[in-house]
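The values are calculated or read from the model by the stated rules, or taken from the named source; none is laboratory data. This one's a predicted model, so the numbers in the text were calculated from it and none came from an experiment. Cβ: placed from backbone, ideal geometry, glycine included. Neighbour counts: every protein chain shown. Heads up: the accessible areas ignore ligands, DNA and RNA and are worked out on the full protein's heavy atoms, side chains in. Shrake-Rupley method; radii C 1.70, N 1.55, O 1.52, S 1.80 Å.
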Amino acid sequence: ENDGAVTVEVGGHQYSPLVFEVKTEMGAAGDPMFQTLGYYQHLYLNGERWDREPVLRASGAPALLFELVGPNLCISGVYTLEGNVVTKEPLTPWIPLLPLGGRMEAHVVQLARVLAAVQSAVRLLECRLRMMATGQEAPAAGPPAALTPWDLAAQLLASSTPNRALQLLQAALREATLTGSAQAAAAAMPAAAAAGQGGPASWPRSRERPWTRLPYPLATSQDFTQVAALPGLTSKPVFTAAYSGASGERVLVKFSPRTYPEQVHAAWADAHLAPQLLQARRLPGGWWLVVQELLGQEWRTFEELAHEERVAAFPTVQSVVRAAHSVQLRAAGSGGGDAAGVAAHGDLRPPNVMLCKGAASGAWEVRLVDLDWAGEVGRTVYPPHMSSHINWHPNAGPGQLLQQEHDLHLLEAMRPA
């Protein structure tokens, strides 16, 4: 059994958008993560509900896990991949619930923001489940919660035991109401139902992998329609869509967990070395939404070319990489004035080089793609995880600075034998 949950009944089925687990101290009486996951699996009958509940299959039944371990709080997210396979990720670090407010105002601000987000998220999850089951719009927000996030944060920091903290949280979060922005987002969620795709009978019945379910910016925004996973990349968050910002033309939409190098992408696109960048913005939680030009079906990756085509196209690829390395970036806020330096790609492998042969001229055109790792030379570092199956430059590694010679090392590895 868990230590508490917010449970809602939707279409005759019970769902829990919020689950509590409390321990008196770290390592006491089992691991709270595995215990909350076990309760979550038990709620959905260890996968038995998956095959008979379209809402569960379509949504994954996302929930928040509220872990109180001694004077520490952590919020995690959990959802069902398929059947009885569930996944969990921490959404916050461990937050100490110690009476530090007088000396550390930033600590109280952080805790209040987390609690405010949880209040909105719990109600939003409930609304989403109801709308997926019924197609009805979100209900109006109820009366204000008895405690504001600031009041709740202050009382938590003053609580003497985890059980007292749990009582405060349960009382406050059961009365959670939607903020204006969250309610607007929730109201946009049943757009698929209004388009004739809603209702339990028509939700997908196949066991989908996670990225065949649309991330919320695509599922809730009116800017993107006719969204589809990019063929061959259904395991990654890359999609095509008709985009209102491009007069309804189809674009490529991707999601990146790193700060996106829009300065590099824009500069290389202006030089016709990368697809045009239409939008790049940071999402809550740290991921980035990137909208860019969708290259047509006539474009292929370097690895998709026949051997004789790779031999013919390789000199052009070399020329494009040299040109990209010579593009001067502009310093942020310079208004197009001061130069900031030059950039490197960082992940210059055959799948990230797109080519198209002109029908009339027979000349090769090249675009560099997948610029997530790109950045200014001498300032940008590699991500913490890099495949051990790739022959990186000896000086390229997690946390190391990007250098153009690293790109040239990977480029040379592409040279046809």
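For Glu249, the residues whose amide H sits under 5 Å from its own are Tyr243, ignoring neighbours fewer than 5 places away on the same chain, with H placed 1.01 Å from N.
Put simply, when 54-63, 401-410, 322-331 are sorted by average Cβ atoms within 10 angstrom per residue, most first, you get 54-63, 401-410, 322-331.
Straightening the chain between Gln276 and Ala340 buys 20.9 nm, computed as 0.36 nm per residue apart minus the Cα-Cα spacing.
Less than 20 Å from a label point 7 Å out along the Cα-to-Cβ axis of Gln328: which backbone N atoms in segment 384-417 qualify, by residue? Zone members listed by number: 404.
May I ask you to give the percent of accessible area on segment 283-417 that is carbon plus sulfur, with a probe radius of 1.4 Å?
Numbers: 3420 of 6790 Å².
So the carbon and sulfur contribution to the accessible surface is 50 percent.
Sparsely packed loop sites in segment 220-325 (the GluC sites (Glu not before Pro) outside DSSP H, G, I, E and B with at most 13 other Cβ atoms within 10 Å) comprise Glu249, Glu298. A simple spin-label model places the labels of Gln222 and Arg379 3.8 nm from each other, with each point 7 Å out along Cα-to-Cβ.
Summarising the label geometry, the points placed 7 Å from Cα in the beta-carbon direction at Trp94 and Leu45 lie 3.8 nm from one another. A full extension of the chain between Trp287 and Val85 corresponds to an added length of 70.3 nm, given 0.36 nm per residue minus the alpha carbon distance. Between Ala242 and Phe34, the simple label model (points 7 Å from Cα in the Cβ direction) yields a spacing of 5.1 nm.
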